[in-house]
1. From the residues TYR128, VAL79, ILE41, which one has its Cα farthest along the dipole of region 28-137 in the positive direction, the dipole being from +1 and -1 charges on Cβ of Lys/Arg and Asp/Glu about the Cα centre?
2. Report in % the part of the accessible area of region 1-108 that belongs to carbon and sulfur, leaving out ligands and nucleic acids; probe 1.4 Å.
3. Per residue, how much accessible area does region 109-187 show when a 1.4 Å probe rolls over the protein heavy atoms, in square angstrom?
4. Evaluate the charge dipole of region 33-157 about its Cα centre and quote only its size in Debye, nearest 20, assuming +1 on the Cβ of each Lys and Arg and -1 on the Cβ of each Asp and Glu.
5. Rounded to the nearest 20 debye, what is the charge dipole size of region 111-187 about its Cα centre when +1 sits on each Lys and Arg Cβ and -1 on each Asp and Glu Cβ?
6. So, in Å, what gap is there between the alpha-carbon centers of region 134-184 and region 1-79?
7. Pairs of lysines 8 or more apart, or on different chains, with alpha carbons under 22 Å: count those in region 74-187, would you?
8. When the solvent-accessible surface of protein heavy atoms is calculated with a 1.4 angstrom probe, in what order do THR94, THR8, THR33, THR160 fall, highest first?
Amino acid sequence: MIAALTGTLIVCVLLFIDLLTKALAHVYLSGATPVRFLGIIGLDFHMNSGIGFGIADKNPVAMAIITPLTVVMIVAIAVAYFTLAKKNTPARVTLAVIEAGAIGNLIDRLYFGAVRDFVYVKLILPEYICNIADMFIVLGAIALVFIILFIGKDAAFPITKKWRAEAKAAEAEELEEKRKRRERRKK
């Protein structure tokens, strides 16, 4: 119950931040001259009718497929929150962050037919205009991969001695259980 409330709170707060920043950008940046800071970051309003990196921009057939898939992904993230990440709090938090971003962009896509982007970034990638929801999705996904690989006793490659010891103990316990089940079947 507490996990559900925590996840809902995280999603609602981040969704509010995303939608508020998009609304402010729409009002104050729409039609305004783009602003650049050091040539690598800035503000530049753009209605993106595609998905990330302008993929499928101005392609209604692709968007007719992608939008329902987004809904499926949102449901899958919620299911993962309550099942796969049941005992992994950091994974749950990152799933809630990703969920907020996905819902924020879906709301824009359904209401405007496009996503409101306003953060200009040019680092390694070519010019890219994104929004706060995109940042939630990308940074959340990177954090989730890191957590799955390295954080906790259930990680693929636990980074602390304690987690490695707990993982070995759990593995030994599981092997012992299998051995006992085989012996019971033999009897």
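1. VAL79
2. It is 78 percent, rounded to a whole number.
3. Per residue, region 109-187 has 73 Å² of solvent-accessible surface.
4. In debye, rounded to 20, region 33-157 gives about 300.
5. 960 debye
6. Using only Cα atoms to place each centre, the spacing works out to 32 Å.
7. Qualifying lysine pairs in region 74-187: 15.
8. Descending accessible area places them as THR33, THR8, THR160, THR94.
The values are calculated or read from the model by the stated rules, or taken from the named source; none is laboratory data. Note that the structure is a prediction, hence the values are computed from the model and not measured. No Cβ is skipped: glycine too gets one built from the backbone with ideal geometry, and neighbour counts run over all protein chains shown. All accessible areas refer to the heavy atoms of the entire protein, side chains included, with ligands and DNA or RNA removed. Shrake-Rupley method; radii C 1.70, N 1.55, O 1.52, S 1.80 Å.
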